[in-house]
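Below: one structure, written as structure tokens.
The values are calculated or read from the model by the stated rules, or taken from the named source; none is laboratory data. No experiment lies behind these values; they were computed from the predicted model shown. We place every Cβ from the backbone using ideal geometry, glycine too, and count neighbours over all the protein chains shown.
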Amino acid sequence: MQIIKSIFKLAVFICPFAATAQSTYLPQGDKGYHFVDRLEIKQQTNTDLNFSTLKPYNRKYLVQQAEYIDSLRKQFASSLVTEEADHVKFTKLDDYNMNSLLMNNSEWVTGSKESFLSKKPFWGAFYKTKPNLLEVNVKDFFLVVNPVLQFNLSKESGNSETIFLNTRGITARGMIAKKLGFVTTITDNQERSPQFFQQYIGSARAVPGAGFYKAFKSTGVDYFDARGYITFNAAKYIDVQFGYDKNFIGNGYRSLFLSDWGNSNLFLKLNTRIWKLNYQNLFMELMPQFVKHGDVLLDRKYAAMHHLSMNVTKWLNVGVFESIIFGRRNHFDFEYLNPIIFLRHIEGTVGSPDNALLGGDFKANIAHKVQVYGQLLLDEFVLSRIKANRGWWANKYGTQLGIKYIDAFGIPNLDLQAETNRVRPYTYSHNDSVSNYSHYNQPLAHPLGANFNEFVGIARYQPLAKVFIMAKLIYYKKGLDSLGYNAGGNIFRLDTDRYGIDEGYTVGGGKKATCINALMQVSYELRENLYIDLSYQHRSFKVVNTPAQDNSMSLITAGVRLNIAKRQYDF
């Protein structure tokens, strides 16, 4: 942690606070993310939305773009219809969602805010605006404070114990003189998850999405989740964010580059937006694989990641990605601080065997209805070995291809998404236990690790302003290890642990496991950001010729939540 703090102090010294306004970011799982997808696809051009591959979203840029699209929508509704406005056709519910988006990011709204005000504030002091318990907006100071609540009760088939989640907390965000932004979120959680999730927690020694935990009522877990960061402008086009939270790189439901599925981490992020380019530098302090015994200080490892995207045309955005995970025990290698150099070159220069990955991604908005996106991740490969087609172990790569279709089949606010992910054996693993692509005993990218084929299908429908329906289907085939055979799916195992077998590795090879995970969820927004949820989930996991590892469950859940995304059990 001290190393990352030193880097942050250096960034502040080199790039002092500028006079431009600085924004905070949308929280993980915010309902605004899906609406932004709709806006981008409807508009089709990427000019001001080329940041959407990188999450979380900057509130300032988001509002700027939303207000611009809203102005086009108003042109369409009037007699002043331009060619560009003719394509931005809103449904009635888009108007409702646009107002909700602006209301939840009101510090950057330039138009009227009258519709944001509550008719009857509590005791004249609280909920003066519809989304926020406490909102202060005076000269040189903006502050929003909100409670965070989630309470779910579930019944799992074949399990006599009640499945539950009890989350209480608080979140606050603000700005000082429009130069310094800050966010903090703290929650206390008690959870008894479905049995397959409990098994994962036990094997990983970590709660997915949270990390450290203590036992609660024998089969439950008790964990504290605290996140926070500060933001400022280093220059007119350069934003700096420093804190402890999560990041995501990609346009899909999953990411092969960097996911927010696992635990938060300490990071320093520099993001540069200029012309048609968006360039992000991300420096992270991570924790290598461990077994915790009492109060013992855990070791550290580090990562540096670069992502550069460009709007090649008005409808096509392409990006390149590189990352390096390095295992100097509790020591950051300052060679990797150069924000514009090729990381693989540094790795070779310093003579280290660090874990370097490269990648490319794209998204294309088509006909104001469809977005096609994808990722290609390269860990290691030799072209001649790929041509030989013998399943050489070190041909380590992954692919993603997906499509989003909004207002599907002419039905307003019915949005469909289909995605496939394929990752070869041994991808993300390394020849030492420190440099694998993980943090706090959880994958940094896809939760399944490696050696799998996956299909994800999602249908979202909003029939009424306050009613949200989602159906999700996840199906995958994954190869598991067996006695004397490392199938390459466990990224925590050394890639040298192959028992002398160098060829014959295929995706899904090893003990073949298949899984179907289906979810139907209905949510009603009782008031802004307060939801009542009902859901039914069915998961069936089978291993060929190994009935002892088969399991199937159904889960019926009812719950209420405020200012937080619904807990997902999605693998």
Show the residue pairs that are 6+ apart or on different chains and have beta-carbon atoms under 6 Å apart, the first residue being within the range 127-153 and over 24 Å from residue 177 (Cβ atoms), the second being among the small types (Gly, Ala, Ser) and modelled with pLDDT under 95. 127/118; 130/118
For residue 132, state whether it is part of a strand (DSSP E or B) and either modelled with pLDDT of 95 or more or among the basic types (Lys, Arg) (or both). no
If I go through the range 313-357 residue by residue, how many of them are among the aliphatic types (A, V, I, L, M), surrounded by 18 or more Cβ atoms within 10 Å (Cβ to Cβ) and at pLDDT 60 or above? 4
Meets criteria (part of a strand (DSSP E or B), buried (at least 16 other Cβ atoms within 10 Å of the Cβ) and under 23 Å from the mean Cα position of the chain (by Cα)) for residue 152: yes
Residues of the range 271-293 satisfying the condition of being within 21 Å of the chain's Cα centre (by Cα) and in a loop (DSSP other than H, G, I, E, B): 287, 288
Does residue 268 count as aliphatic (A, V, I, L, M) and assigned to a strand (DSSP E or B)? yes
Hey, among the residues in the range 212-248 that are among the β-branched types (Val, Ile, Thr) and touching a residue at least 40 places away in the same chain (Cβ under 8 Å), which one's surrounded by the most Cβ atoms within 10 Å (Cβ to Cβ)? 231
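Residue-by-condition table, conditions (1) of a type in the set (Ser, Thr, Tyr); (2) free of Cβ contacts under 8 Å to residues at least 60 places away in the same chain; (3) not in a loop (DSSP other than H, G, I, E, B):
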position	(1), (2), (3)
368	no, no, no
371	no, no, yes
379	no, yes, yes
422	no, no, yes
425	no, no, no
429	yes, no, no
462	no, no, yes
Residue hits (the range 109-132; surrounded by fewer than 19 Cβ atoms within 10 Å (Cβ to Cβ) and within 26 Å of the chain's Cα centre (by Cα)) are 109
Per the filter on the range 229-254, residues in contact with a strand residue (DSSP E or B) (Cβ under 8 Å, 6 or more places away or on another chain) and charged (D, E, K, R) are 239, 245, 246, 254
Filtering the range 86-123 for residues that are part of a helix (DSSP H, G or I) and aliphatic (A, V, I, L, M) leaves a count of 5
Just wondering, is there one or more residues in the range 136-146 that are at pLDDT below 90, assigned to a loop (DSSP other than H, G, I, E, B) and among the charged types (D, E, K, R)? no
Residue among 59, 73 that is charged (D, E, K, R) and modelled with pLDDT of 90 or more: 59
Given (1) surrounded by 17 or more Cβ atoms within 10 Å (Cβ to Cβ); (2) of a type in the set (Val, Ile, Thr); (3) touching a Pro at 6+ places or on another chain (Cβ under 8 Å), number of the condition residue 170 does not satisfy: (1)
Restricting to the range 531-549, count the residues that are farther than 26 Å from residue 458 by Cβ and not hydrophobic (A, V, I, L, M, F, W, C). 4
Of the residues 309, 259, which single one is more than 19 Å from residue 227 (Cα to Cα) and of a type outside the set (D, E, K, R)? 309
For the range 275-302, what are the residues that are touching a Ser or Thr at 6+ places or on another chain (Cβ under 6 Å) and in contact (Cβ under 8 Å) with a residue 40 or more places away in the chain? 278, 289
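The rows are residues; the columns are (1) surrounded by fewer than 18 Cβ atoms within 10 Å (Cβ to Cβ); (2) modelled with pLDDT of 95 or more; (3) at negative phi.
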{"position": "395", "(1), (2), (3)": "no, no, yes"}
{"position": "415", "(1), (2), (3)": "no, yes, yes"}
{"position": "419", "(1), (2), (3)": "no, yes, yes"}
{"position": "433", "(1), (2), (3)": "yes, no, yes"}
Could you list, in sequence order, the residues of the range 528-551 that are touching a Lys or Arg at 6+ places or on another chain (Cβ under 7 Å), more than 19 Å from residue 453 (Cβ to Cβ) and either of a type in the set (A, V, I, L, M) or at pLDDT 95 or above (or both)? 528, 531, 533
For the range 205-258, how many residues meet the condition of being of a type in the set (Gly, Ala, Ser) and in a strand (DSSP E or B)? 8
Does residue 197 satisfy being modelled with pLDDT of 95 or more, over 27 Å from residue 292 (Cα atoms) and crowded, with 18+ Cβ neighbours inside 10 Å? no
